[in-house]
Amino acid sequence: MDSNLKYRSPPNFAATSPDAARLLARARELESSLHSGTTQRLLRGKNLGLLCDADDNVDAALFQRAASALGAQVARLRPNLTATSTPQEVRHTARILGRLYDAVECIGMPPDLVDRIRAEAGVPVFDGIASPQHPTAALANQLSDGASLEERRCLVIQAVLLNALA
């Protein structure tokens, strides 16, 4: 499990960070391949868990679309953890998630709970990367105006997933 320690801290998505620069570069590559019709299924064989309470959540749909377009399988799960879950419950659930999925996206969960899951899962655990309030949404504004904002947000989410999983 030591090889998975890099997943314990999320990337820095601030617009001036090196992580953000890498994400934008990757998103631009994806955008170019999309326009040239050479999009590849770079996440084929990857299984992602999507923890979200609502079936009709727009952010969850965007995440699922972005991941599926790259060939990943996305399983939507209703989280049974809360901020008051015991450390043992969180540890047990996070470890199971880490065994089943290559990465996990958490939508609408308390940030401290996401951090607790991240500390135990051993795989990348994201906290609402498809949300319009997440710093990745601001990065989408730095891509070309040739695509809709939703398409640009999708490209940035894909870049996040590729940087974490490929």
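Looking across the range 124-154, the residues that are closer than 19 Å to MET109 by Cα, surrounded by fewer than 22 Cβ atoms within 10 Å (Cβ to Cβ) and in contact (Cβ under 8 Å) with a residue 40 or more places away in the chain come down to ASP127, GLY128, SER131, PRO132, HIS134, PRO135.
Against the definition (at pLDDT 95 or above, surrounded by fewer than 23 Cβ atoms within 10 Å (Cβ to Cβ) and either assigned to a strand (DSSP E or B) or β-branched (Val, Ile, Thr) (or both)), how does ILE157 come out, yes or no?
No.
Could you tell me how many of the residues in the range 91-115 are of a type outside the set (D, E, K, R), outside any helix (DSSP H, G or I) and at negative phi?
Adding up the residues that qualify gives 7.
Any chance the range 16-32 includes a residue that's at pLDDT 85 or above and assigned to a strand (DSSP E or B)? So far as the range 16-32 goes, no, none of its residues is at pLDDT 85 or above and assigned to a strand (DSSP E or B).
Scanning the range 98-108 for residues that are within 14 Å of the chain's Cα centre (by Cα) and surrounded by fewer than 21 Cβ atoms within 10 Å (Cβ to Cβ) gives ASP102, GLY108.
Considering only residues in the range 122-145 that are under 14 Å from the mean Cα position of the chain (by Cα) and aliphatic (A, V, I, L, M), the one that is farthest from LEU51 (Cα to Cα) turns out to be ALA137. If the condition is being within 20 Å of ILE157 (Cα to Cα) and more than 14 Å from the chain's Cα centre (by Cα), then the range 72-97 contributes only LEU77.
The values are calculated or read from the model by the stated rules, or taken from the named source; none is laboratory data. All values derive from a computational prediction rather than experimental measurement. All Cβ positions, even for glycine, are placed from backbone atoms using ideal geometry, and neighbour counts span all protein chains on display.
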